[in-house]
Amino acid sequence: MSGPSVRARGRILIVDDNAELTETLRAVIASGIHGMRIETAQTGAEGLERAKAGFDVAIVDVMLPDASGVDLIPRLREGSPNAEVLLVTGFASVDAAIAALRSGAFAFVLKSFRPEELIAIVEQALTKVELKREREDLEQRYRDLVEVTDVLVIALDSDDRVALMNPKAASFAGVSPDEARGQELVEAWIPKADRAAMRAALADSRSLPPGKAREVETGFEPRAEGPMETRAGELKARIRWHLGSGTDPGALVYGIGIDVTERRALERRAADAEAFSAMGELAMNLAHEIRNPLNAAVLQLHLLNRHLDKLEAEEATRASLKQRVRIVGDEVGRLSRLLGEFLELARPRGIAREPVSVPRLVDQVLALEEQAALARGVKIERQLPEDGCIAIGDHEKLKQVAINLVLNALEAMKSGGELRAAVSPHGERVRIVVEDTGPGIEPEVLRNVFDPFFTTKEAGTGLGLAIVRKIIDQHGGEVKIETERGRGTRVIVEVPTGR
Ligand code: ADP
Ligand code: MG
């Protein structure tokens, strides 16, 4: 026979009104398992009192003077949910055994037990308690890790609905982990462009063997509802997902997501810079070269138009010819505007730093666009202070900013509306707000509006806001767009006063 085992910690509680039996139990356990604290109680009430301090295994007589041992089990375990209870009974009947096990007892022990039997059972119970504790510990550690980790953790059920989302993932999703539960992951947070890829990856991952992962990279961001805003230079979240299969029916896919937003932005910036330096000079020269023939073409069109007036021909023929000249003129005008904007964006030239009266500048721009507004049925409202609001910067460039914003606002209001232009002091900056009552900007569009050449307009250049952004960056200011579908758009620009 091997010697007694030694356990580092552990409390055993014996609840029995038979003092002799209690002593025997204590002696047997003490001889077989070392290092245990053994306590005894005579009645159910006393047993409950002692159990409050915590215990690992209780050995409880089925028939106590004040209670039934079976009824006592759940109450004993209240404070020690991992603990196990052995019932001691005088009768070896099947009924007694079934009743004991049903009541949640670990085992039942006959009063006529053999010592080594009792020791073996108590050992088993202690081992089970230890395992439960270890598992709980591990689970807690795992939960803590999932809570605080800097990676995104998700689990999905069979319908691709969220079963679990850790706080990091939830912060990207713009919800609390509780709010995330039950939502369809792809619909709710994956941008349209990435949905097909994510669905395919999720489908693949379900059939993966354990330990294998399917990788996919997607955007991950809150669905736009109600008012939204974007800042120039704001990064779009990119997440690299590692998806694997689970066995729990409630969590069939596990995903770990690494935030690669910054890395992608850096890569893109590096690629942009490279492309710009390679193409920039060539493109600039080309743009200059195109400008001269374009100007010549404009001049020739002018002359052509005058000749047409004097041409002896049917009125209808003349009108149709003049119409064509006008179309060519419009197209050439568009080309030269594109060139102008392109050069504005590409030229590395610095900016002037002079005091600029922003209210006056905005007023000039509004006067310039007054006719265009009238033609569209747009009412202009000015909130421009008489004096103050002096920014330090480049008058011409800031004017360009105001023009681009006012044009966008006008172009957004196809069937009339109201354009509000306001200038106000804002700490150490001057704030310009240009607001329209147009249709607002769709989320997919909003993400791209500051990108050069991005446009949703048939005759747009897509350079307006890119120029605004560049100029405001040069001034050390800030651009922000707030928009609400169906309500309109508000662009807020802030320029330092140099104070
Ligand atoms: P462009 O005006 O040539 O299209 P911009 O850079 O000025 O280029 O604008 C880019 C896009 O941003 C526009 O095509 C349009 O879709 C959107 N946009 C800008 N301003 C507004 C606005 N006030 N209302 C609605 N959409 C706007
Ligand atoms: Mg524009």
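All conditions in (1) under 30 Å from Val153 (Cβ atoms); (2) open to solvent by 70 Å² or more (accessible area, probe 1.4 Å); (3) in a helix (DSSP H, G or I) hold for Pro249, with the sole exception of (3).
Within the set Gly460, Gly440, the sole residue that is open to solvent by less than 30 Å² (accessible area, probe 1.4 Å), over 29 Å from the mean Cα position of the chain (by Cα) and near ligand 1 (Cβ under 8 Å from one of its atoms) turns out to be Gly460.
Only one of Val468, Val445 is near ligand 1 (Cβ under 6 Å from one of its atoms) and part of a helix (DSSP H, G or I); which?
On the way: Val468 fails: near ligand 1 (Cβ under 6 Å from one of its atoms).
Exactly one residue qualifies, and that residue is Val445.
Considering region 363-375, the residues that are surrounded by 13 or more Cβ atoms within 10 Å (Cβ to Cβ) and among the acidic types (Asp, Glu) include one that is farthest from Asn404 (Cα to Cα), namely Asp363. Looking across Val434, Val378, Val423, one residue alone is surrounded by 13 or more Cβ atoms within 10 Å (Cβ to Cβ) and within 13 Å of ligand 2 (Cβ to nearest atom). It is Val434. Looking only at residues of region 471-483 that are away from ligand 1 (no atom under 11 Å from the Cβ) and of a type in the set (D, E, K, R), we find that the one that is least open to solvent (accessible area, probe 1.4 Å) is Lys480. Of everything listed in (1) touching a residue at least 24 places away in the same chain (Cβ under 8 Å); (2) more than 16 Å from ligand 1 (Cβ to nearest atom); (3) polar (S, T, N, Q), the single unmet condition for Ser320 is (1).
In this structure, Ile290 qualifies as under 23 Å from Gly464 (Cα atoms) and of a type in the set (Val, Ile, Thr).
Residues are listed down the side, and each one gets a yes or a no for (1) without any contact (Cβ under 8 Å) to a residue 12 or more places away in the chain; (2) over 22 Å from Gly498 (Cα atoms); (3) away from ligand 2 (no atom under 12 Å from the Cβ):
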| site | (1), (2), (3) |
| --- | --- |
| Glu418 | no, yes, yes |
| Gly427 | yes, no, yes |
| Gly440 | no, yes, yes |
| Val449 | no, yes, no |
| Thr455 | yes, yes, no |
| Gly462 | yes, yes, no |
| Ile467 | no, no, no |
| Gly476 | no, no, yes |
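Hey, can you tell me all the residues within region 381-413 that are at positive phi and either within 16 Å of ligand 1 (Cβ to nearest atom) or surrounded by fewer than 21 Cβ atoms within 10 Å (Cβ to Cβ) (or both)? Passing the criteria: only Gly388. Within region 386-406, residues that are under 15 Å from Ile351 (Cβ atoms) and assigned by TED's automatic domain parsing to the domain that holds Val434 have Cβ atoms under 6 Å from residues that are among the β-branched types (Val, Ile, Thr) and open to solvent by 10 Å² or more (accessible area, probe 1.4 Å) in these pairs: Ala391/Thr497; Asp394/Ile351; Lys397/Ile351, counting only partners at least 6 apart in sequence or on another chain. Only one of the numbered conditions (1) at pLDDT 90 or above; (2) over 17 Å from Ala120 (Cβ atoms) is violated by Ala30, and that is (2). Just checking, does region 465-473 include any residue being closer than 21 Å to Leu339 by Cα and not hydrophobic (A, V, I, L, M, F, W, C)? Yes, region 465-473 has at least one match.
Would you point out which residue out of Arg318, Arg306 is farther than 23 Å from Thr461 by Cα, among the basic types (Lys, Arg) and surrounded by 11 or more Cβ atoms within 10 Å (Cβ to Cβ)?
Working: Arg306 fails: surrounded by 11 or more Cβ atoms within 10 Å (Cβ to Cβ).
Of Arg318, Arg306, the one residue that is farther than 23 Å from Thr461 by Cα, among the basic types (Lys, Arg) and surrounded by 11 or more Cβ atoms within 10 Å (Cβ to Cβ) is Arg318.
The values are calculated or read from the model by the stated rules, or taken from the named source; none is laboratory data. Keep in mind that this is a model prediction, so the values were computed, not measured. Using ideal geometry, Cβ is built from the backbone for each residue, glycine included, and neighbour counts are taken over all protein chains shown. The area values use the complete protein model at the heavy-atom level, side chains included, leaving out ligands, DNA and RNA. Shrake-Rupley method; radii C 1.70, N 1.55, O 1.52, S 1.80 Å.
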